[in-house]
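Worksheet for the structure shown next.
The values are calculated or read from the model by the stated rules, or taken from the named source; none is laboratory data. Every value quoted in this text rests on a predicted model; they were computed, and no experiment measured them. Cβ coordinates were reconstructed from backbone atoms using ideal geometry, including for glycine residues, and neighbour counts include every protein chain displayed.
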Amino acid sequence: MDSFAASVGRHWLLLLLALMLVVTGLPFLAPVLMAIGWTGAGTFIYTIYTPFCHQLPQRSWFLFGEKLTYTLEEINRVYPSSDPWQLRFFYGTAAMGWKVAWSDRMLSFYTMTPIFGLLYAALRRWRLRPLPWRVFVLTLLPIALDGATHILSDLIFGVSNGGFRDTNVWLAALTGNAFPAFYAGDQLGTFNWWARLLTGLLAAWGVAFFAFPWLDQLFRRQN
């Protein structure tokens with residue numbers, strides 16, 4: 001038992017990253033399974049990840065179809081619903097492709113955390129110190145602000161492209177409407193798409209370079 005604990009203590013980072021990569025990678029398997037006709041297995045993955053992500057299709061990536069992302073209007077042509085609970089059960093079609101079981105924000109945040117963990121592992125020999133907690137908090141603020149304003153917008157206006165985080169009229173006003181196609185919606189290339197991607201990446205970097213060095217120090221003290 002002691003030798004097992006010692007082995008875990010020596011290889012904890014490898015074990016943890018392997019587990020995280022499996023957990024964060026399975027949502028990418030769902031569209032693969034749907035595409036090859038294993039719809040039961042694909043649906044099972046969507047279902048087990050439902051508690052961890054809203055999986056709204058207009059805020060998700062689609063694989064094996066015409067485009068990476070679709071507007072709610074495009075989705076409603078084949079799946080007419082504006083109910084957030086019902087929308088999460090739209091997985092895609094053969095023509096549109098099949099959605100990843102992470103929304104774009106969770107894809108960026110959850111998936112990139114172990115990827116940055118691999119980067120930390122490559123730099124581990126230099127015994128990097130954890131990020132200062134103030135810096136760590138700052139890396140989380142943008143994703144928290146982005147997520148909170150989306151939740152507020154959805155609660156007040158719904159998810160049918162009418163809320164202040166759907167139209168982003170406020171941003172258009174601030175920038176003099178300099179980029180007309182940039183503001184509204186959640187599809188590839190819009191402000192919301194970039195905001196979710198970049199805030200997720202920043203938060204993932206913060207978590208990785210705060211938590212992994214801290215855990216490293218903890219295991220070194222125990223060994």
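When every residue of segment 73-96 is checked against the conditions, none turns out to be over 21 Å from residue 35 (Cβ atoms), buried (at least 23 other Cβ atoms within 10 Å of the Cβ) and in contact with a Leu (Cβ under 9 Å, 6 or more places away or on another chain). Of the set (1) part of a helix (DSSP H, G or I); (2) closer than 23 Å to residue 60 by Cα; (3) modelled with pLDDT under 95, all apply to residue 159 but (1).
Among what's in segment 130-149 and is in contact (Cβ under 8 Å) with a residue 40 or more places away in the chain and in contact with a helix residue (DSSP H, G or I) (Cβ under 6 Å, 6 or more places away or on another chain), pick the residue that is farthest from residue 207 (Cα to Cα). The residue in question is 146.
Of the candidates 175, 199, the single residue that is surrounded by fewer than 19 Cβ atoms within 10 Å (Cβ to Cβ) and of a type in the set (Ser, Thr, Tyr) is 175.
As a summary of the residue check, residue 180 satisfies the conditions (1) surrounded by fewer than 20 Cβ atoms within 10 Å (Cβ to Cβ); (2) at pLDDT 95 or above; (3) not basic (Lys, Arg) except for the one numbered (2). Tell me, yes or no, whether segment 58-70 has at least one residue that is under 25 Å from residue 193 (Cα atoms), surrounded by fewer than 16 Cβ atoms within 10 Å (Cβ to Cβ) and of a type in the set (Val, Ile, Thr). No - not one qualifying residue is present in segment 58-70. If you go through segment 150-187 and pick out every residue that is touching a helix residue (DSSP H, G or I) at 6+ places or on another chain (Cβ under 9 Å), closer than 16 Å to residue 73 by Cβ and aliphatic (A, V, I, L, M), you end up with 2. Taking the stated definitions as given, is residue 153 closer than 19 Å to residue 20 by Cα and either touching a strand residue (DSSP E or B) at 6+ places or on another chain (Cβ under 9 Å) or crowded, with 18+ Cβ neighbours inside 10 Å (or both)? No. Note on segment 66-88: residues that are among the acidic types (Asp, Glu) and farther than 15 Å from residue 186 by Cα amount to 2. Is at least one residue of segment 138-146 of a type in the set (A, V, I, L, M, F, W, C), surrounded by 13 or more Cβ atoms within 10 Å (Cβ to Cβ), over 19 Å from the mean Cα position of the chain (by Cα) and modelled with pLDDT of 95 or more? For segment 138-146, residues of a type in the set (A, V, I, L, M, F, W, C), surrounded by 13 or more Cβ atoms within 10 Å (Cβ to Cβ), over 19 Å from the mean Cα position of the chain (by Cα) and modelled with pLDDT of 95 or more: absent. Among the residues of segment 102-120, those that are surrounded by 17 or more Cβ atoms within 10 Å (Cβ to Cβ), of a type outside the set (Val, Ile, Thr) and assigned to a helix (DSSP H, G or I) comprise 104, 105, 106, 107, 108, 109, 110, 112, 114, 116, 117, 120.
All of (1) surrounded by 19 or more Cβ atoms within 10 Å (Cβ to Cβ); (2) modelled with pLDDT under 95 hold for residue 124 with one exception: (1).
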